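Heads up, the thing below is written out as structure tokens.
The values are calculated or read from the model by the stated rules, or taken from the named source; none is laboratory data. All of these numbers come straight from a predicted model, not from anything done at the bench. Every residue, glycine as well, gets a Cβ built from its backbone with ideal geometry; the counts of neighbours run over all protein chains shown. In case anyone asks, the SASA skips ligands and DNA or RNA and just uses the protein heavy atoms, side chains included. Shrake-Rupley method; radii C 1.70, N 1.55, O 1.52, S 1.80 Å.
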Amino acid sequence: MKIDLTDTTSSKINKALVEGRRAIGTPAVGMVLTLVLVTDEENAYDALKAANEASREHPSRKLVVVKRFSRSARDRSKARLDAEVRVGVEAGTGETVVLRLYGEVIEHAQSVVLPLLLPDAPVVVWWAANAPDNPAKDPLGTLAQRRVTDTYAAENPIAELKARAAVYTPGDTDLAWSRITPWRSMLAAALDQVDCKVTSVRVEGEELNASCELLGMWLAERLHVPVTRAVSVGPGLTSVRMETDCGPIELRRTDGSLATLAIEGQPDRAVALNRRETSELIAEELRRLDPDDTYAATLRFGVDRLEPVKADGDGADDSDSDAPAAKKAAPARGSAAKKAASK
């Protein structure tokens, strides 16, 4: 069921939600959180589709905030709020309210959203596009326990990653971090199978890919070894090679779905390592509403080690520019860092 409201208010939207639930015979709902989705008109369809799919695991009230910037000065000065209220099959699991803001009300989106939040339930804000410089200080971000951004959608993902580190506040997270969860799990499991000491790491993936940088920073922070960054044609992350005192361990994925895990002295194994949809990433972030300390440590540890990557003719890179970062990460391993950078 869908109810269209033009030039409306938050109180009328709440009334429409109650009427919609009664009309379909479900006055009582079991929603566990409010997901505020901030996007533009171009990305609204894909973002809402991902949120609806994620709501199968996390029944929620989804408030989609679309800021409509008018062309003429007269329209820009006139405040107006239009809404689409969706319940039942139109809204996935839970309820959906699409809010289109015009004029001066664009600067006061929090005053529109606040009356529509579920009482006594967590709030998550996800910026599908055009995330603010400081999510925790954003008027909508102050309403939330968790604030989700996506550096992959930024014009310059690496610069965006540095900006996120500079203003990090507990509760912040990024979908670029969620994308490497399977890689982190697989690499940790591989190290559990051997009794070896890692001496250096090489991370290979697309240029200007924040997930590749985050994985390298995580490995450097956890293992305290030099990490070099190489460039490949992708898609996304393509390989991680860990040099150990008992032979290399390599996890390589060339097609975006199936990877090969190679451990010295063991047969190679094929492992599923699919590139996940946005709905799966959002569902993962909604599973935990407490601050992600591992993400915070990774972001703060490695942001000053991000260096420009130069690709050579075959699409790979020896990442000599990462050598200073390696020396910072492990001052006592200067010779090891030079050896890793020269490979």
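Structure summary
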item: For the range 102-119, Karplus couplings with θ = phi - 60° (6.51, -1.76, 1.60), whole Hz, Gly/Pro x; result: 10, x, 5, 5, 4, 6, 10, 4, 5, 6, 7, 6, 3, x, 9, 5, 5, x
item: Backbone HN-Hα couplings from phi across the range 179-187 [Karplus 6.51/-1.76/1.60, Hz, Gly and Pro as x]; result: 5, 9, 4, x, 5, 5, 5, 5, 5
item: Two-site label geometry, Q193 and D290: point separation in nm, points 7 Å out along Cα→Cβ; result: 3.1 nm
item: Relative contact order computed over the range 132-277 (Cα-Cα under 8 Å; 6+ residues apart), in percent; result: 17 percent
item: Accessible area per residue in Å² at 1.4 Å probe, computed on the range 160-213; result: 36 Å²
item: Linear extension gain, V167 paired with A270, 0.36 nm per residue minus alpha-carbon span; result: 33.1 nm
item: Percent carbon-and-sulfur accessible area, the range 76-190, ignoring ligands, DNA and RNA, probe 1.4 Å; result: 51 percent
item: Which of T244, T169 is most accessible, then next, and so on - probe 1.4 Å; result: T169, T244
item: Sequence of M242, M186 when ordered by accessible area, the most exposed leading, probe 1.4 angstrom; result: M186, M242
